[in-house]
Structures are given as C-alpha cells and as structure tokens.
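To keep things clear, I will list the structure first and then write my remarks on it.
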Amino acid sequence: MDNSPKVLIMMGSDSDLPVMQEAADILAKFGVPYEIRISSAHRSPVRTMALASEAAGRGIRLIIAGAGMAAHLAGVVAAKTTLPVIGVPMPGGALNGVDALYSTVQMPAGIPVATMAIGKAGAMNAGIFAVQVLALTDTRLEAALGLYRREMDQEVEAKDAALQG
Ligand code: RP5
C-alpha cells in the first residue's frame, strides 16, 4: 500500500492548529495519508514557496492552506503549484475571520483558490472536499463517501425521531 502523503495541509501559524486539525481528522477518518506543516507566507516565504513548488513531485495531489488576518498563504501556495489549492480562512483577529475570508476568496483571475467557510466548518469541509476530489479516481473513497452521507442522513432522522418522542 502507498502510504506517501496525498494531501498537504499547510497553516500560517501554530495558532491555526486547533482549526486545521479538523481537516486532518477527516483525512485520517477516510484513510487518506497527509502531511501537516506550519509555514507562513510572510514569516517564512522561502520555505513556503519550496513546500508548494515541491509538493507535486512528492506525490501530493491537493493542498489545503489555512491562514488568518491578511491571509495570503493559500494564494501564494497556489501561485507556486498547479495542484488544486483549498483555502481555509481562520477566525480571530480584530475582524474575526472576515479579513481572512476576503483575502483568501478574492483571488485575481488566473490563480484560483477553492475557498471554504471561516473556521472549523471550513477546515472540515476542506478535508471532505479533498476526499471528494481523490474519490474521482479511487473507488474505495467513493464508497466511503457514500457511507458517510448515509450516516449523516440517519443521524438527522434519529434526532427528528427523538424530538417527535
Ligand atoms: C497568520 O496570522 C496565521 O495564519 C494566523 O492565523 C495569524 C496570527 O498568527 P500568530 O500571530 O498567532 O502566529 O499568518
């Protein structure tokens, strides 16, 4: 079995870890090998660009990049690779993530970043979205996603049944 990382999770600071862990947990749940790295677009730009530009050559298929405030990490990473980049805006700061949302989502034409919601929901969805992309060429992941959706459906049904008494 090939256990080399297929998804690279990057975050601008260790303070982003409690949020970005959600993406890692999803990948672990689906048995997708990943690597998680702290690298800042402004504090460690050379390292960040090296991680991005070398990712495809190491067998990485997608990159998830989470950053806060003037969040340029996902855009900088996307500029250095043709792998799909999923951006996750971090909550916090004076604008509580709205700054990071705009910084991540408002990429000028030519270099896209697939931007998720602010915070933990966005990080979780980034993980699921990565699995969905990988599932295009992986029948095991396709089946696992089907099961995941059925479980969600059953959970809602069970909560409704409990409410009805
Ligand atoms: C961004 O600045 C990071 O992604 C983080 O969300 C934010 C604050 O970083 P710290 O000051 O907590 O290291 O670069």
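When only the Cβ of Lys, Arg, Asp and Glu is charged (+1, +1, -1, -1), the dipole of the stretch 35-96 relative to its Cα centre reaches about 100 debye.
About its Cα centre, the dipole of the stretch 118-160 is roughly 180 debye, where the only charges are +1 on Lys and Arg Cβ and -1 on Asp and Glu Cβ. Summed over the residues of the stretch 126-165 and divided among them, the accessible surface reaches 73 Å² per residue at a probe radius of 1.4 Å. Considering the chain as a Gaussian network with a 10 Å cut-off on Cα pairs, which listed residue, 45, 18, 112, attains the greatest mean-square fluctuation? In the Gaussian network model the winner is 18. Computed over the chain, the per-residue total of -39500 (n - 2.57) for DSSP H runs of n ≥ 4 gives a 222 nm mean residue ellipticity of -15500 deg cm²/dmol, rounded to 500.
Reported to the nearest whole Å, the Cα centre-to-centre distance from the stretch 106-127 to the stretch 60-86 is 9. Put a dot 7 Å past the Cα of residue 29, heading toward its Cβ, do the same for residue 17, and the two dots end up 2.2 nm apart. Ranked by the mean number of other Cβ atoms within 10 Å of their residues, highest first, the peptides 152-161, 74-83 fall in the order 74-83, 152-161. Using a simple spin-label model with pseudo-atoms 7 Å out from Cα toward Cβ, residue 98 and residue 160 lie 3.5 nm apart. Binning all Cα-Cα separations of the stretch 15-165 at 10 Å, short to long from zero, yields these whole-percent fractions: 11, 37, 32, 14, 4, 1.
Got the relative contact order for the chain handy, in percent, Cα pairs under 8 Å and 6 or more residues apart? Let's see the in-between values first.
Values: 298 pairs, mean separation 35.3, N = 165.
Relative contact order comes out at 21 percent.
Taking Cβ atoms as reference points and 13 Å as the exclusive limit, the residues near residue 48 contribute a net charge of +3, counting Lys and Arg as +1 and Asp and Glu as -1. If you take the Cα centroid of the stretch 135-160 and the Cα centroid of the stretch 2-32, the two points sit 20 Å apart. The calculated FRET efficiency for residue 54 paired with residue 153, based on their beta-carbon distance and R0 = 41 Å, is about 0.50.
Looking only at the chain, where both bridge partners belong to it, what percent of the DSSP beta bridges are antiparallel (to the nearest 5)? In the chain, DSSP labels about 0 percent of beta bridges as antiparallel. Sorting 131-143, 19-31, 61-73 by their mean Cβ neighbour count within 10 Å, with the most densely packed peptide first, gives 61-73, 19-31, 131-143.
What is the dipole size for the chain, taken about its Cα centre, with +1 at each Lys and Arg Cβ and -1 at each Asp and Glu Cβ, in debye to the nearest 20?
Values: 13 positive and 15 negative charges, 100 e Å.
Dipole about the Cα centre, nearest 20: 480 debye.
Across the accessible surface of the chain, with the other protein chains kept in place and a 1.4 Å probe, carbon and sulfur atoms take up 59 percent.
The values are calculated or read from the model by the stated rules, or taken from the named source; none is laboratory data. This is a predicted model, so every value here is computed, not measured. FYI the Cβ positions are ideal-geometry reconstructions off the backbone, even for glycines, and counts take in every protein chain you see. We work out accessible area using only protein heavy atoms, side chains counted, and drop any ligands, DNA or RNA first. Shrake-Rupley method; radii C 1.70, N 1.55, O 1.52, S 1.80 Å.
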